[in-house]
Amino acid sequence: MNSTLIIQSLISGVMMGSVYALLGVGFSLTWGVMKVINVAHATFGLLAAFFAYTALQAYGVDPLISLVVSAPLLFLIGCTLYHLLIVRITSAKAVIVSSMILTFGIAIILENLMLLLWGADPRLFTTSYTSKVIIIGPFYFQYPPVIGFLMSIVGVTLLHLFLKKTYLGKAVRAAWQQPDASQLCGINLKRISAITFGLAVSTAGAGGLGMGLLYSFEPHSHNLWLIHLFLVVIVGGVGNVLGTALAGVIVGVITGLSMAFLPYQWVNLLTFGLLMVILVVRPQGLFQSEI
Amino acid sequence: MNSSLTVTKTATFLFVGLVIMVLSFYVNSAIAAQPIVIGGSLPLTGEFAETGKLIEKGMKFWAQEINEKGGLLGRPVEFKIYDDESNVGKAVTYAEKAITVDKVDLLFGGYPGTAARAVMPVAEKHKFVYVSMGGHMKSFEQGYTYSFGAPPLMGEWWYEGFFQWMETVPADQRPKKAAVYTMNNPVGASLTGSIQKWTKKLGIEIAIDEKYNLPLPDATPLIMKAKQLQCDMLFANGFFGDGVMMIRAAKALDYNPKAILQGIGSVVPAWIKELGKDGDYVFSGTSLFNKLNFPGNDKLNEYSKKEFKIDGYPLYFGFGYAWMQALAQGVEGSKSLDQTKIRDWLKSNKIQTIAGSMTFDDKGLPEPINFCTQIINGQVELVWPLNVQTAKPVYPKPAWK
Amino acid sequence: MKSDQFSSTNSNRLYQMIIPIVLVGLALFPFSEPPVYFISFVFWIFLYVCLSSSWNLIGGYAGYLSFGHVAFFGIGAYATAMFGKIFSLSVSLTLLGTIPAGLIASLIAIIVGYPCLRLRGPYFAVITLCFAFVSQLTVKNLEILGGADGLWLKTMDVSVEINRTIFYELMLALTSVTVLVSFLVGRSKFGAGLRAIKEDEEVAQTMAVNAPRLKITAFALSAFFPGVAGGIYACYLSYIHPDVVFDVNMSILQVLMALFGGASSWIGPVVGAVSLTVVNEGLSTFVKAELARIIYGCLFIVVIVFMPNGILEFFSRRTKRIDN
């Protein structure tokens, strides 16, 4: 087996996995903090990608710059959605189950709104750097995945710092670890939850953009993205931001290695198979669940 | 008061609701229709919505045209199109619904191939003529007598034209080694046979022959392998998403084979629109072509310019139109809406469509089609057969820009 | 919804009267010579009632949300198809193969369930989802199972009406058995054990509930019916493909149907499956494609916001309030 190919496959895998991680952290956060599984998480990412696509086509705005507008917008959408809908199901017997049905509905609505607004054609980001490449030794680093990778590092780090260093972030963590006690300490659980949800949705926007840099997208693409989200979050440990990031890389490495050593036909199968094994061996995810 | 009675109440309530619903379907279907109704399902939402919508537009354009001319057998035509949500099981039930509830006069052809494969036996059982793309050669070999591919989307024929042209290229200028990457689904499976057969015949060595399951995580390692093995011919037998990844990775790695064949993803308008210059010089096949000098093509092109803002109508738009043309000629030829008469007429007569004139064999297929296309300067050109060539093939492929 | 509500003899008598009438009515329905489509449509309703009811055994009663249940449906479909193909049997004989196919699905459920059922909550959901993908991709990659091309089955040499009626009656029978089993399990000690596991597995174990054994039994049982249903479906469709019979959307839909109706009783999945299938069909018939989907999406939101624990609980609470 030739080593260049193995390492190149690993590079591919890691880049890809890191973008999954960026898309996944917010998903992990709402799940961990609020016990809300947001099935529409990837759909919001897709929405940001379509938004960026329009900005790029119509005004030549770079997808990354469009995030300046779409991320706050998604934050607001997230907060609004929380106050309008999510808050109503937090009293249900099984929040996880109810939240999945609720957000499944949201995902269907968003998908078909996108179908109405943008049509069914597949889209691509074509920018000045699309087919640029950095060559280091025998290895190739295509610009779009590298940008996705960097975005992921910045995004995950920012989220991590926010949770560890800011008052608001600490309140979010407190609300997750000790919901009752934190409420006694004067933390407004509703407000914190709304902010968390908004934040998660806006990171989905960044993740969706990263996916758009790597792959073509159309209104139903979020279904595919969602499956990878679940994998990354579960392997990383629910609610664990850094764990999710690492899990993204691990999933990427698994994919990369199987691309190098196996017929491509078996790559996806092996990825899912190995994840099953990981789950059986470490039923709580690879990393302890904590923010 | 115990709550079990409540359960019963709820259940009764819902049961009554169901009965009312079913009854309302009955009543709905009982209203007699004056126009000729053509029914069936297309994937208008979900995974295959892009293509489904193009086919729908092609069919509707045909209907508009024929209604302006006074209709079919003097009666206006009307569509009853269900959205099967890209679900094969639904496509089957909607075909049955069109036939038995709406009592449609004619059935239209569906998409994609997996749906067509499942609907063909239903059409056969109900004795309804089913003109569609079919589900590649295997579906036409099941002994159905009411199914027609007019024209079909036939993976087995897709590269025929390319190889026939390649045979005319002097042996020393032909590629030596081919890398074949094929998606693992019915389309991919139907493409590989002709590649095996022809590469052997032309003395091209297949250095890589790999399948992959969708979604493809990344194409870089695949292209790198092809580059390392110095394959000067690349078969990227995939849909749009993975096809684009292959092309982009090839450009990034500056892998420039003499010829790139992209089976099925490059036939959608998005290929040229989204990929731009990078999508140039890709070879593919087709079943019909917008620049061919068959009556009707110019009108379709005019419409496409207005509707899709592109030169030359998209393949699937043409499919929708051509299938309806074939069906309509069966109706007018046999002067009846009797399905068996339509079938027998189609089997024994020559029809004219935008894809040319065709006659059908026992399987319901026309003569093998050997069109080869290449995208040159953002335009799809026909490069084979020679008598219909719209541009000379660009070979070997120029360097990436 | 609690199990004790079925204890009243009064309501039992009501059930004893209504259920046979409904069943006989349903069984006779095809003979009223409706358009074939209605037979097929009700066949689909049965199929979904069967799938969501059997899912409910493990997902609703025990609270183990299996998101990969379509795997057993697909395994059943392929096992039946291969059974017919290897022995080159006629369709009616192939249909006999659905029972062993169901058993194979159960066997695989035991093998897979043994390690997987140790996982809790969402982890179990994801591992079963992975399992569905693994089985789909395995079938796709194995040429002997038809690979990416799928498999064609023989079709019955009878008229369409008879053909559809046969599948209708078979599915009705299977669905009745499934719902009956679900009902009986719900009232049994076994079902009480599963509910205890759902409430709190640790506590249940201290109360001498053999949790691992109960779970695996429930899982195997809940895989059997989809296996048989898959076999019937394969013969019904006469062409199967991994993308069709291992469709993850189907997996998700059967979970949603059960939760939609209310997953803690036997009738919840029935109500959920019937109402969702009928509403979806109505939407597809009367509303433009995208709009139909959007309304369908709104339906989930409205139901869950106003009836957070399923339709059934909502109605029973409502009437309880009125009765009081």
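The values are calculated or read from the model by the stated rules, or taken from the named source; none is laboratory data. All values reported here derive from a predicted model rather than from experimental measurement. In this analysis, Cβ positions are derived from the backbone assuming ideal geometry, glycine residues included, and neighbour counts consider all displayed protein chains.
Before moving on, here are some points about what is shown:
Let's see how each residue does on (1) of a type in the set (Ser, Thr, Tyr); (2) assigned to a strand (DSSP E or B); (3) within 14 Å of chain A (Cβ to nearest Cβ); (4) touching a His at 6+ places or on another chain (Cβ under 9 Å):
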{"position": "B:Thr45", "(1), (2), (3), (4)": "yes, no, yes, yes"}
{"position": "B:Gly70", "(1), (2), (3), (4)": "no, no, no, no"}
{"position": "B:Glu78", "(1), (2), (3), (4)": "no, yes, no, no"}
{"position": "B:Ser86", "(1), (2), (3), (4)": "yes, no, yes, yes"}
{"position": "B:Lys90", "(1), (2), (3), (4)": "no, no, no, no"}
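- Criterion violated by C:Ile127 - all others in (1) assigned to a helix (DSSP H, G or I); (2) surrounded by fewer than 20 Cβ atoms within 10 Å (Cβ to Cβ) satisfied: (2)
- Yes/no for B:Val104 being in contact (Cβ under 8 Å) with a residue 60 or more places away in the chain, touching a helix residue (DSSP H, G or I) at 6+ places or on another chain (Cβ under 7 Å) and of a type in the set (Val, Ile, Thr): yes
- Residue count for region B:290-311 satisfying the condition of being within 22 Å of B:Phe48 (Cα to Cα), touching a residue at least 12 places away in the same chain (Cβ under 8 Å) and assigned to a loop (DSSP other than H, G, I, E, B): 2.
- Residue tally, condition assigned to a loop (DSSP other than H, G, I, E, B), away from chain C (no Cβ under 14 Å) and in contact with a strand residue (DSSP E or B) (Cβ under 6 Å, 6 or more places away or on another chain), over region B:118-158: 3
- The residue that is surrounded by the most Cβ atoms within 10 Å (Cβ to Cβ), among those in region C:155-177 that are charged (D, E, K, R) and in a helix (DSSP H, G or I), is C:Arg164.
- The residue of region C:13-72 that is farthest from the other protein chains (Cβ to nearest Cβ), among those that are assigned to a helix (DSSP H, G or I), among the polar types (S, T, N, Q) and under 30 Å from C:Phe133 (Cα atoms), is C:Ser54.
Let's see how each residue does on (1) more than 19 Å from B:Thr286 (Cα to Cα); (2) among the β-branched types (Val, Ile, Thr); (3) touching a residue at least 24 places away in the same chain (Cβ under 8 Å):
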residue	(1), (2), (3)
B:Asn349	yes, no, no
B:Glu367	no, no, no
B:Ile375	no, yes, yes
B:Leu386	no, no, no
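- Selection from region B:262-310 of residues that are under 18 Å from A:Glu218 (Cα atoms) and of a type in the set (Lys, Arg): B:Lys273
- Restricting region C:85-124 to residues that are without any contact (Cβ under 8 Å) to a residue 40 or more places away in the chain and of a type in the set (Phe, Trp, Tyr), the residue that is surrounded by the most Cβ atoms within 10 Å (Cβ to Cβ): C:Tyr123
- Considering region C:238-324, the qualifying helices (runs of 4 or more DSSP H), each wholly inside and each with 3 or more residues that are surrounded by 24 or more Cβ atoms within 10 Å (Cβ to Cβ), on the phi < 0 side of the Ramachandran plot and within 14 Å of chain A (Cβ to nearest Cβ), run over C:248-261, C:267-286, C:289-306.
- Residue list for region B:207-263, restricted to those being among the polar types (S, T, N, Q) and within 28 Å of the chain's Cα centre (by Cα): B:Asn213, B:Asn237, B:Gln262
- Residues satisfying the stated conditions in region A:196-221, i.e. more than 10 Å from every other protein chain (Cβ to nearest Cβ) and either of a type in the set (Ser, Thr, Tyr) or farther than 26 Å from A:Ser131 by Cβ (or both): A:Thr196, A:Phe197, A:Gly198, A:Leu199, A:Ala200, A:Val201, A:Ser202, A:Thr203, A:Ala204
- Residue in region A:85-95 that is in contact with a helix residue (DSSP H, G or I) (Cβ under 8 Å, 6 or more places away or on another chain), within 27 Å of B:Gly46 (Cα to Cα) and within 14 Å of chain C (Cβ to nearest Cβ) present: yes
- Flag if A:Leu229 is over 27 Å from B:Ala179 (Cβ atoms) and either in a helix (DSSP H, G or I) or more than 9 Å from chain B (Cβ to nearest Cβ) (or both): yes
- Checking A:Met276 against (1) without any contact (Cβ under 8 Å) to a residue 40 or more places away in the chain; (2) within 12 Å of chain B (Cβ to nearest Cβ), the condition it does not meet: (2)
- Of all residues in region C:200-228, those being touching a residue at least 60 places away in the same chain (Cβ under 8 Å) and either closer than 21 Å to C:Gly97 by Cβ or of a type outside the set (Lys, Arg) (or both) number 15.
- Odd one out for A:Phe149 among (1) surrounded by fewer than 21 Cβ atoms within 10 Å (Cβ to Cβ); (2) within 14 Å of chain B (Cβ to nearest Cβ): (1)
- Filtering region C:46-64 for residues that are farther than 30 Å from C:Ala211 by Cβ and in contact (Cβ under 8 Å) with a residue 60 or more places away in the chain leaves a non-empty set.
- Residue within region A:109-119 that is in a loop (DSSP other than H, G, I, E, B), of a type outside the set (A, V, I, L, M) and out of contact with any strand residue (DSSP E or B) (no Cβ under 7 Å at 6 or more places or on another chain) present: yes
- Evaluating B:Gly110 against the criteria (1) modelled with pLDDT under 95; (2) farther than 28 Å from B:Ala189 by Cβ; (3) buried (at least 24 other Cβ atoms within 10 Å of the Cβ) leaves one unmet condition, (2).
- Residue within region B:187-201 that is charged (D, E, K, R), part of a helix (DSSP H, G or I) and within 11 Å of chain A (Cβ to nearest Cβ) present: no
- Among all residues of region C:100-111, there is at least one that is out of contact with any Pro (no Cβ under 9 Å at 6 or more places or on another chain), of a type outside the set (A, V, I, L, M, F, W, C) and at pLDDT 95 or above.
- Sole residue being of a type in the set (D, E, K, R), out of contact with any strand residue (DSSP E or B) (no Cβ under 7 Å at 6 or more places or on another chain) and modelled with pLDDT of 85 or more, chosen from C:Arg293, C:Arg321: C:Arg293
- Qualifying residue in region B:191-209 (condition: in contact with a helix residue (DSSP H, G or I) (Cβ under 8 Å, 6 or more places away or on another chain), surrounded by 23 or more Cβ atoms within 10 Å (Cβ to Cβ) and farther than 23 Å from A:Ile11 by Cβ): yes
- Count - residues of region A:246-269 that are facing another protein chain (nearest Cβ under 8 Å) and part of a loop (DSSP other than H, G, I, E, B): 1
- Of residues in region B:362-380 being in contact with a Phe, Trp or Tyr (Cβ under 9 Å, 6 or more places away or on another chain) and not hydrophobic (A, V, I, L, M, F, W, C), the one surrounded by the most Cβ atoms within 10 Å (Cβ to Cβ): B:Gln374
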